[in-house]
Amino acid sequence: MILEGIVTTVSATGEINIAPMGPRVEPAMERLLLKPFRTSRTYRNLREHPEGVFHVTDDVLLLAQAAVGAVAPMPPLLSAARVRGHVLRDCCRYYEFRAVSIDDREERCQIDAVVLNLGRVRDFFGFNRAKHAVVEAAILATRVAFLPLDEIEAEFGRLNILVDKTGGDQEQQALALLRRHVGSARETRKT
């Protein structure tokens, strides 16, 4: 199964990267199969330093910001216990991991990682259709370079209904941020 969340990694120079990621996992959560693109900072960081932290979170605004590269200021972080990395202070659960193999022969890599430590910070908010809609919108927003923008915007229209009906301020802000990102991509294509 694929579990959507956020991965934090550290570059060789110590720069922290926050990225949405949907690794393939088993219920025991002892291993993660990460599949970043070779062009991503997550891939480069794990190539240089094969440790990171995967977070289960219900903070869809942070997920949306990370998806479009707009995480500023940096959210509160704690030092990881078993890896050179950082834990999001407001996540629900986290899994400190070490990559044991990296297959980067394809554009989308396969990074097999073993979980070294896990922790629980707070309860998961619960199922909410608006939060799920923002996750879907964030995934679409990361694909503006190769999916037709008309299709992305049409899907955003359907997702917007869910956010309007069931979302709160965080979900509204997240979807607005993602809409601006897609709009910027359209403007860039025009020039």
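Computed quantities for the displayed model
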quantity	calculated
Per-residue [θ]222 nm for the chain (sum of -39500 (n - 2.57) over DSSP H runs n ≥ 4, rounded to 500)	-11500 deg cm²/dmol
Theoretical gain in end-to-end length, D112 to T39 [0.36 nm per residue, Cα-Cα removed]	24.5 nm
Length gained when the stretch R143-M1 is fully extended (0.36 nm per residue, less Cα-Cα span)	49.0 nm
Burial ordering of L178, L140, fewest other beta-carbon atoms within 10 Å first	L140, L178
At R0 = 41 Å, FRET efficiency that the Cβ-Cβ distance of E26 and D164 yields, to 0.05	0.70
In the range 82-172, GluC sites (Glu not before Pro) in a DSSP loop with at most 13 other beta-carbon atoms within 10 Å	E106, E107
Three semi-axes of the equivalent ellipsoid, the range 129-190, Cα gyration tensor, whole Å, largest first	20, 11, 9
Helix 129-141 axis, angle to the chain major axis (alpha carbon atoms, nearest 10°)	90 degrees
Rounded to 10°, Cα long-axis angle of helix 149-166 versus longest principal axis of the chain	90 degrees
Angle between the chain longest axis and helix 169-190 axis [Cα atoms, degrees, rounded to 10]	80 degrees
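FYI, it's all coordinate maths here, none of it is from the lab. On a predicted model such as this, the values are computed, not experimentally measured, just so you know. Quick reminder, even Gly has a Cβ in these numbers, built from the backbone with ideal geometry, and neighbours come from all protein chains shown.
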